Amino acid sequence: MELKIGILGHEEMLVTENDSAKVVGSGDLMVFATPKMIALIEKTAAESVKPHLEEGTTSVGTKLDVDHVAATPIGMKVRCESELIEIDGRKLVFAVEAYDEAGLIGKGRHERFIVQSEKFMARTNAKLK
């Protein structure tokens, strides 16, 4: 499979109390936490390109520019959609949007880089020495 502009991603989740701003620590209210929305965005983009990457490689998130524009209550389903809109060497740029059952809750851009898994982990674990 070839990595090319236009690859689409789609992920869904049901918002539980564990996904709330109060439980995650990003706020005081029992609503869908921004960090959980960001995690869903990253997962959506990463999973969309995973089948198109060479063996031994993966993608890592490096940049997010996302607006969280509406709150979502506990118990509502959330979905995220991504589209690969730019490939610049190892850099991948995605347009991302998140929706709950009432409409748009988040939108923006997300960047990921393609890395060699073993080399990346070796360099990261070297920090422990």
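A few notes on this one:
- Annotation: of all residues in the stretch 32-55 being under 12 Å from the mean Cα position of the chain (by Cα) and basic (K, R), the one that is most open to solvent (accessible area, probe 1.4 Å) is K43.
The rows are residues; the columns are (1) open to solvent by less than 30 Å² (accessible area, probe 1.4 Å); (2) touching a His at 6+ places or on another chain (Cβ under 6 Å).
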{"residue": "T62", "(1), (2)": "no, no"}
{"residue": "V66", "(1), (2)": "no, no"}
{"residue": "V78", "(1), (2)": "yes, no"}
{"residue": "E86", "(1), (2)": "no, no"}
{"residue": "G89", "(1), (2)": "no, no"}
{"residue": "F94", "(1), (2)": "yes, yes"}
{"residue": "L104", "(1), (2)": "no, no"}
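- Only one of the numbered conditions (1) part of a helix (DSSP H, G or I); (2) among the small types (G, A, S); (3) on the phi > 0 side of the Ramachandran plot is not met by A45, and that is (3).
- Residue within the stretch 107-128 that is open to solvent by 40 Å² or more (accessible area, probe 1.4 Å), free of Cβ contacts under 8 Å to residues at least 60 places away in the same chain and in a loop (DSSP other than H, G, I, E, B) present: no
- For the stretch 4-25, residues that are assigned to a loop (DSSP other than H, G, I, E, B) and surrounded by 15 or more Cβ atoms within 10 Å (Cβ to Cβ) total 2.
The values are calculated or read from the model by the stated rules, or taken from the named source; none is laboratory data. This structure is a prediction, so every number in the text was calculated from the model and none was measured. Cβ sites come from the backbone with ideal geometry, for glycine too, and all protein chains shown count toward neighbours. Ligands, DNA and RNA are excluded from the accessible area calculation, which covers all protein heavy atoms including side chains. Shrake-Rupley method; radii C 1.70, N 1.55, O 1.52, S 1.80 Å.
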